[in-house]
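Q: Can you keep this structure in mind? I'll have questions shortly.
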Amino acid sequence: MRTENKDSLTLAHHAAIASAYAACYVLTRYFSFSHWILPAGLRLVCLLLLPRRVWPALAIGETITIAESALLDAPPYGLAWMIAASFPPIVLCMPAVALIKRHLNMLKPDGHLNMAMLLVASMACAALNTLGNAVALASVHMPDGSPAPHVAIPVLLTWFLGAYLGALTLMPTLLAIREWVARHGDVLAWRTWSQSRLLRDLLFWTVPTLAVLAVAAPHLDDAPRQWCRLLMVLPVAVLTARHGWQGGALGGMLASIAQASTATTVRDPQMIQAQVVLAFAISTSLIVGVRMAARVGPSALLRIPFFNHLRMAHAGVAFAEAPASPTRAARNHVQARTRFRDVFEGTERQPQAAPARVQLPSEAPVAFESSFATAVQRTGANYRYSARGLPLAAFEPAVERELQRMASELIPYALATGPCQDISLQLRAGMDGDRPWLVLRVVAHRSGEASIAFRSPRRWAEMIALLGSRRLDLAAMQAHAAMHGGMLRVRQHARSIQASFTLHEPRLIEK
């Protein structure tokens, strides 16, 4: 009985997915034409984000929609065309997407999208979509004996451009919206919308600018109309410079819609030229925008369980083992002022120095007591350190390294919330029966005004170098803590912020 109920639920689940996909497919196809194929973007997004177990449902949903159109249009073109046109392009794209996902990670270790992988997948699906259309066109048989349409190279390039631009219109936009929702949390709050710089730029100058160009283009001659279409690329570049790849994705979608609205005839050569320029601009903006975002910190996509699990599956080991050490230049800076270089170099050499069970000199307290104090004081804040309970020397070196790494991330995170008067680092360790426990707590007490040192970018850069921080955001730190069997909690109050990192049953050194 349970098996039957489970099977019925699975069938109902697949039927719902197929119906939803078919409805979205029909909606996007309604606004498409030969060189602007929006279903290609919908197809790619579903293959990238949905698990393989529901791919058959996607194939069924797409088959239903295109088979209906092929059946209605079959009399003029023959039975062979109807069969070829009824074959869903998503089935051709499934092996290609699966192969690309196997060899290229969708997310980088810092959680940002791998735009090279997404663009390769877009081009591969566009090429396969073009191949399917070419086979269908080659199978046309005119009932009256007249010559069938010829599969020409310009037609193939037009189909490829349409599928690629359609993918660039929808796929990055949906991912950008998903990250924006993850970054801001409560999207229904008025404050979230009113304080969004990206939304203000879209509403107050991007949409009006594109609307004016789109309305004016059809009433102009060929040359001025083409200039209007080319000028629609500028908002994509500006939004990318201001907001990274998210701005480029949303600006590219709006510019693509605006360009498509200026089409006067099907396969207009000038229109196709403008779309080629737009496709190149969107592709470049996405790649450049992701590199800009990578300099700021990890992506908010890590706050979404699906993307976080995907990142962990591909790069979890590298993320956990990545050394939190400064650069060579930063190490030289530290050597002149503190003993922090020895701490980090000892941390890097410890795995090769001796077997894991051999106790090594405990250097984490040196960092907690002196080196961290030097780093925090660069921003004008006071630093206090206290430890109670079991000494760190009782735990394995890996536990000490993890505490040091987490502290080097929590301190910049706490300071970034606002001007702080003092930073307190508290270490508590003990035994609950025969099970050890360890808590690292960072408490930052805010001050009224930011000091000159706090506002100095040079002081901040020195502090980051001294700590060896990678500037992880809260979601990345929580994922990192979970990977090591711990838990990270952050509480914000009116005058302070408190972050607690708890390690359950950290390993003691065997005597």
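The values are calculated or read from the model by the stated rules, or taken from the named source; none is laboratory data. Quick caveat: nothing in here was measured; it's all calculated off a predicted structure. All Cβ positions, even for glycine, are placed from backbone atoms using ideal geometry, and neighbour counts span all protein chains on display.
Q: Give R459, R446 a once-over and let me know the one that is surrounded by fewer than 21 Cβ atoms within 10 Å (Cβ to Cβ), under 18 Å from T379 (Cβ atoms), touching a residue at least 24 places away in the same chain (Cβ under 8 Å) and in contact with a Cys (Cβ under 7 Å, 6 or more places away or on another chain).
A: R446
Q: I would also like to ask the following. Any idea which residue in segment 391-429 is nearest to H480 (Cα to Cα), counting only those that are surrounded by fewer than 17 Cβ atoms within 10 Å (Cβ to Cβ) and at pLDDT below 85?
A: The qualifying residue nearest to H480 (Cα to Cα) is A398.
Q: What are the residues in segment 174-190 that are modelled with pLDDT under 70 and in a helix (DSSP H, G or I), if any?
A: Within segment 174-190, A182, R183, H184 meet the criteria.
Q: Check off (1) farther than 30 Å from R470 by Cα; (2) crowded, with 16+ Cβ neighbours inside 10 Å; (3) of a type in the set (A, V, I, L, M, F, W, C) for L113 and give me the number that stays unchecked.
A: Unmet condition: (1).
Q: Six or more apart or on different chains, Cβ atoms under 7 Å: show the pairs whose first residue is in segment 146-172 and in a loop (DSSP other than H, G, I, E, B) and whose second is of a type outside the set (V, I, T).
A: Cβ pairs passing all conditions: A148/H141; A148/M142; P149/L137; V151/A134; V151/L137; V151/A138.
Q: Can you tell me which residue in segment 371-390 is surrounded by the most Cβ atoms within 10 Å (Cβ to Cβ), limited to those that are touching a residue at least 40 places away in the same chain (Cβ under 8 Å) and of a type in the set (G, A, S)?
A: A375
Q: Which members of segment 127-150 meet the condition of being among the hydroxyl-bearing types (S, T, Y) and more than 25 Å from V91 (Cα to Cα)? Walk me through it before giving the result.
A: Within segment 127-150, the subset among the hydroxyl-bearing types (S, T, Y) is 130, 139, 146.
Residue satisfying the conditions is S146 alone.
Q: Shifting gears a bit: Run R491 past the list (1) part of a loop (DSSP other than H, G, I, E, B); (2) charged (D, E, K, R); (3) over 26 Å from K108 (Cα atoms) and report the number of the one that doesn't hold.
A: (1)
Q: Residues being under 22 Å from I282 (Cβ atoms), touching a residue at least 40 places away in the same chain (Cβ under 8 Å) and among the hydrophobic types (A, V, I, L, M, F, W, C): count how many of those fall in segment 80-135.
A: Counting residues in segment 80-135 that are under 22 Å from I282 (Cβ atoms), touching a residue at least 40 places away in the same chain (Cβ under 8 Å) and among the hydrophobic types (A, V, I, L, M, F, W, C) gives 13.
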